[in-house]
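What follows is a single structure, written as structure tokens, with notes after it.
The values are calculated or read from the model by the stated rules, or taken from the named source; none is laboratory data. It should be emphasised that the depicted structure is a prediction, and the values quoted were computed from it without experimental measurement. Backbone-built Cβ (ideal geometry, glycine too); neighbour counts: all protein chains shown. What goes into the accessible areas is simple: the full protein's heavy atoms, side chains included, and nothing from ligands, DNA or RNA. Shrake-Rupley method; radii C 1.70, N 1.55, O 1.52, S 1.80 Å.
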Amino acid sequence: MSPVKVTIAILNYNYGRFVGQAIESALRQDYPDIDVLVVDNGSTDDSADVIRIYADRVRVVRQPVNIGQGRGYNLGFEAAHGDWIVWLDADDLLDPDAISTCMRLAGPGTAKVQYPLRLIDADGNALPGRVPYLRHQGDVEPIIRRFGHYAGPPGSGNLYRRSAIAPYFPVAPQDWPICTDTVPFVTAPFHGDVIDTGRPLGAYRLHRKRPAIAPGYRGNFSSDMGSEVRLNATARDRTLALLRERSGIDVRGPFLMLPAHVRQRIICWACTPEAHPFPDDDRASLWRLMRDSLAACPGYTPFERLTMKAWALGVLLLPPAMARRIIAIDRDAPVWASLMRWTRRTGA
């Protein structure tokens, strides 16, 4: 029996310095039936020159003007030839066995196979840690109904069965200038199980040149912290509206927030109160939110729950200078990471 075709849709906008490496990582896959597609969303740098080098080995779709991430996702989905698809951000990388490993694990009832990503810097050098800290798997629909979301990798860490996400594309580009990866991420689990590989199969590049928007806040964010925190809620609500409109699956709040999202909300409240998008937040309400979220969210060990509560109390109650020092603690530092691995092995 011939293998199932898989599309790697590389999404690029002005990442000429990285896109060649992303294409190379897609072309190096050891899976026998790979369809590599590059979607260039109106780049104005040297991306076209870089992509042209690979013109005989990849398919290219170009949007003349960047009208947002949603349009890029639409183009990738429309042009994909595969029965499975991964949207690979042009600044990220896949390991050579990424697709073959995922496809060995995928079964008839699988909607998505996910994998963590190692961290690298702008030059491709290894950084401590991986993303995400926590990943939910199996039947995650009950978690989504409780939280409006679930824990899993960023966009490049998800391989989707095309039929599981087909009802939700195309999206309206004007509604999805960014965060379009939320759409397949949240909708796919309503059409099958989430399988986790248990080990990293790629790399997530941290290359932001400007200072971090707050201590302890990681990622290639494109806006201020208040906007980033607000996006957690708006992207969720728009995705659940799509789920309701196109599949008749009604998932309504009120929702708890995932602990990771509560953490971001607390950091925003503590570090940039003038930009905080939730005016009713205060110390007591944020503490209750973290406490209730940790009590309801599966996947954390007792020690992890305890340390996250202690972190929240420290940030919420201590003077600002001390709170910032707590926020800045690197969870991926070798000693801390080793302790967390030990607690997971022992169930502490």
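Tabulated values for the structure
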quantity	calculated
Condition check for P298: open to solvent by 30 Å² or more (accessible area, probe 1.4 Å), closer than 24 Å to G152 by Cβ and not in a helix (DSSP H, G or I)	yes
The stretch 220-276: number of residues that are in a loop (DSSP other than H, G, I, E, B), open to solvent by 30 Å² or more (accessible area, probe 1.4 Å) and among the aliphatic types (A, V, I, L, M)	1
Inter-residue pairs, beta-carbon under 9 Å, first farther than 21 Å from G109 by Cβ and in the stretch 161-186, second outside any helix (DSSP H, G or I) and open to solvent by 60 Å² or more (accessible area, probe 1.4 Å), 6+ apart	P173/I67; Q174/I67; P177/I67; I178/S222
Residue count for the stretch 1-35, restricted to those that are outside any loop (DSSP other than H, G, I, E, B), open to solvent by 10 Å² or more (accessible area, probe 1.4 Å) and among the hydrophobic types (A, V, I, L, M, F, W, C)	3
Output for the stretch 10-54, where each listed residue is closer than 12 Å to L94 by Cα and of a type in the set (G, A, S)	A22, S25, A26
Qualifying positions in the stretch 166-181 - surrounded by fewer than 23 Cβ atoms within 10 Å (Cβ to Cβ) and modelled with pLDDT of 95 or more	A166, P167, Y168, F169, P170, V171, A172, D181
Unique match (being within 21 Å of V186 (Cα to Cα), over 17 Å from the mean Cα position of the chain (by Cα) and in a helix (DSSP H, G or I)) among R104, R145	R145
Criterion violated by I329 - all others in (1) closer than 29 Å to R145 by Cα; (2) hydrophobic (A, V, I, L, M, F, W, C); (3) in contact (Cβ under 8 Å) with a residue 60 or more places away in the chain satisfied	(1)
